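The values are calculated or read from the model by the stated rules, or taken from the named source; none is laboratory data. Just so it is clear, the model here is predicted, and its values are computed rather than measured. Here the Cβ positions follow ideal geometry from the backbone for every residue, glycine too, while neighbour counts run over all protein chains shown. We work out accessible area using only protein heavy atoms, side chains counted, and drop any ligands, DNA or RNA first. Shrake-Rupley method; radii C 1.70, N 1.55, O 1.52, S 1.80 Å.
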Amino acid sequence: MRPPMKTHHLITIPPIPTPPGAMATPHSLFLLFLLFFSTSNAADLRIFHAERHSPTPLDSVLSLARNDLTRLAFLSRKVTSVPVASGQQVLQSSSYVLRAKLGSPGQLLLLALDTSADAAWTSCSPCSTCPSSSALFLPANSSTYSPLPCSSSWCPQFKGQSCAADSAPSPCTYYQPYGGDAAFTATLSQDSLTLASDVIPNYLFGCVTAVNGSSANLPKQGLLGLGRGPMSLLAQTGPLYQGVFSYCLPSYKSYYFSGSLRLGPLGQPKNIRFTPLLKNPHRPSLYYVNLTAVRVGRFEVPVPPGSFEFDPATGAGTVVDSGTVITRFVTPVYAAIRDEFRRQVNASGGYTSLGAFDTCFSTDEVASAPAVTLRMEGLDLVLRMENTLIHSSATPLACLAMAAAPDNVNAVVNVIASLQQQNLRVVVDAANARVGFAREVCN
């Protein structure tokens with residue numbers, strides 16, 4: 001039997017007067033929309049929405065659309081956030097580490113987050129001299145791994161590469177010093193790197209097969225370079241992250257991956273102040289900023305003229321670095337900061353030294369410790385007490401968590417280090433040559 005035909009009920013809509021020459025109102029357009037579909041011979045598609053009882057159709061649409069902007073932002077948003085933790089607690093390492101995967105299928109690695117390095121590297125199997133606690137990457141288990149030959153245009157980027165003029169088909173191997181008392185031998189390679197849900201094919205890195213010297217300060221499982229050079233993450237990913245990343249470092253005492261490396265412009269803080277990045281052609285990987293003064297409490301410390309001056313020829317200036325632990329200043333600047341800090345604390349029991357720190361005092365007098373402010377072009381970075389003082393776990397002492405620059409090639413460089421960056425969102429916008437700081441608690 002033929003099914004009965006569905007009947008359409010005519011909806012009678014009173015005319016809405018429109019002045020001559022005037023456009024139809026949204027109300028009238030909406031009612032015409034209803035009239036068309038109520039009298040149409042098209043397929044009878046019935047859609048019911050959960051929201052009812054609005055006073056008028058127009059009010060109903062406006063009500064339903066009130067979350068559209070949020071929804072559209074959600075649909076177009078893709079924030080890549082990679083978990084970060086204190087290496088001290090996870091790997092007994094001084095570096096902060098992030099979770100990454102290398103190869104196909106991905107092999108989990110904890111790579112040091114280093115803003116002053118470019119080329120990534122990891123310990124590969126076999127490697128009898130790599131740190132004993134490291135998890136070795138297994139190239140043989142990755143279907144996308146390949147070593148690069150000496151003929152690769154990337155090979156000359158490494159000063160320690162050992163390719164001879166007639167060794168074009170041979171793998172590109174290189175020797176690289178690290179930290180002053182260690183060095184490693186690696187094969188320049190490429191494989192798929194996975195950060196959060198982003199898979200970056202053919203990522204260049206060093207596959208370490210031998211370590212010489214002390215490996216105590218060597219990242220246990222490898223390193224991801226976030227510098228400004230041609231082999232850094234930003235350079236290799238190009239438009240994917242648009243030259244922008246940020247990180248929040250949790251306390252060095254934290255056991256959790258509560259920090260994050262956020263890649264790309266989406267999801268970065270809106271209310272943040274930036275300072276320009278300076279470019280040093282002799283040390284192109286480093287993020288130099290224009291530090292102009294330092295305040296202790298409300299007092300701007302007096303320093304010799306030129307103490308903060310940026311000089312590409314000598315490397316002098318101020319660098320923001322995630323790999324250095326303790327903020328260091330050139331000797332005259334640190335002496336001025338230390339002396340003013342001591343004057344304001346006025347510790348009744350005097351001061352003592354503890355390791356690299358020379359201004360340690362009783363924790364009973366911490367309340368009198370002043371804040372330290374780093375004044376840069378365009379912003380003042382006020383360091384909270386957790387970024388200014390470090391407490392001894394063995395004795396009731398608190399120390400000014402800063403020191404003088406070492407008496408070596410870095411004696412002319414001020415370094416804003418990881419201890420002073422804890423629980424801050426540091427935004428690096430290399431595309432626009434600027435870096436910003438915003439308070440963020442990532443514990």
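What to note about this one:
- Residue within the stretch 144-155 that is over 26 Å from P105 (Cβ atoms), surrounded by 13 or more Cβ atoms within 10 Å (Cβ to Cβ) and at pLDDT below 90 present: no
- Scanning the stretch 331-352 for residues that are open to solvent by 50 Å² or more (accessible area, probe 1.4 Å) and more than 27 Å from L291 (Cα to Cα) yields N346, S348, G349, Y351, T352.
- Test: residue in the stretch 109-129 that is farther than 22 Å from N423 by Cβ, surrounded by fewer than 18 Cβ atoms within 10 Å (Cβ to Cβ) and in contact with a Leu (Cβ under 7 Å, 6 or more places away or on another chain): yes
- Selection count where residues are in a loop (DSSP other than H, G, I, E, B) and at pLDDT 90 or above, scope the stretch 171-216: 3
- A235, sole failed condition from (1) outside any helix (DSSP H, G or I); (2) modelled with pLDDT of 90 or more; (3) out of contact with any helix residue (DSSP H, G or I) (no Cβ under 7 Å at 6 or more places or on another chain); (4) within 23 Å of V97 (Cβ to Cβ): (1)
- Residue that is farthest from the chain's Cα centre (by Cα) [pool: residues in the stretch 117-131 that are under 17 Å from G323 (Cβ atoms) and not aliphatic (A, V, I, L, M)]: P131
- Candidate set from the stretch 103-116 (those that are part of a strand (DSSP E or B) and farther than 16 Å from S232 by Cα); member that is farthest from the chain's Cα centre (by Cα): Q107
- Test result for F257, aromatic (F, W, Y), open to solvent by 30 Å² or more (accessible area, probe 1.4 Å) and under 15 Å from the mean Cα position of the chain (by Cα): yes
- The stretch 302-324, residues that are surrounded by 20 or more Cβ atoms within 10 Å (Cβ to Cβ) and among the β-branched types (V, I, T): T318, V319, V320, T324
To keep it simple, each residue is scored yes or no on (1) open to solvent by 40 Å² or more (accessible area, probe 1.4 Å); (2) in a strand (DSSP E or B); (3) within 20 Å of P250 (Cβ to Cβ).
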{"site": "L381", "(1), (2), (3)": "no, yes, yes"}
{"site": "N387", "(1), (2), (3)": "no, no, yes"}
{"site": "T395", "(1), (2), (3)": "yes, no, no"}
{"site": "C399", "(1), (2), (3)": "no, yes, no"}
{"site": "N408", "(1), (2), (3)": "yes, no, no"}
{"site": "A411", "(1), (2), (3)": "no, no, no"}
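- Residue tally, condition at pLDDT 95 or above and not aromatic (F, W, Y), over the stretch 125-143: 6
- Residue satisfying condition, being at positive phi, open to solvent by 10 Å² or more (accessible area, probe 1.4 Å) and of a type outside the set (S, T, Y), within set A216, A196: A196
- Contact annotation: residue pairs with Cβ atoms under 8 Å, 6 or more positions apart or on different chains, pairing a residue in the stretch 268-288 that is in contact (Cβ under 8 Å) with a residue 12 or more places away in the chain and over 18 Å from G317 (Cα atoms) with a partner that is acidic (D, E) and open to solvent by less than 80 Å² (accessible area, probe 1.4 Å), are P269/E440.
- Matching residues in the stretch 211-227 - criterion: being touching a Pro at 6+ places or on another chain (Cβ under 7 Å) and among the aliphatic types (A, V, I, L, M): L218
- Flag for S143 being touching a Ser or Thr at 6+ places or on another chain (Cβ under 6 Å), in a strand (DSSP E or B) and more than 30 Å from T318 (Cα to Cα): no
- In the condition set (1) assigned to a loop (DSSP other than H, G, I, E, B); (2) in contact with a strand residue (DSSP E or B) (Cβ under 7 Å, 6 or more places away or on another chain); (3) surrounded by fewer than 18 Cβ atoms within 10 Å (Cβ to Cβ), A164 is compliant with all but (2).
- Any chance G222 is at positive phi, buried (at least 18 other Cβ atoms within 10 Å of the Cβ) and over 14 Å from the mean Cα position of the chain (by Cα): yes
- Residue pairs meeting the criteria (Cβ under 7 Å; at least 6 apart or on separate chains; first free of Cβ contacts under 8 Å to residues at least 24 places away in the same chain, in the stretch 112-130; second assigned to a strand (DSSP E or B) and basic (K, R)): none
- For the criterion of being open to solvent by 60 Å² or more (accessible area, probe 1.4 Å), basic (K, R), under 27 Å from the mean Cα position of the chain (by Cα) and closer than 18 Å to L389 by Cα, R328 passes.
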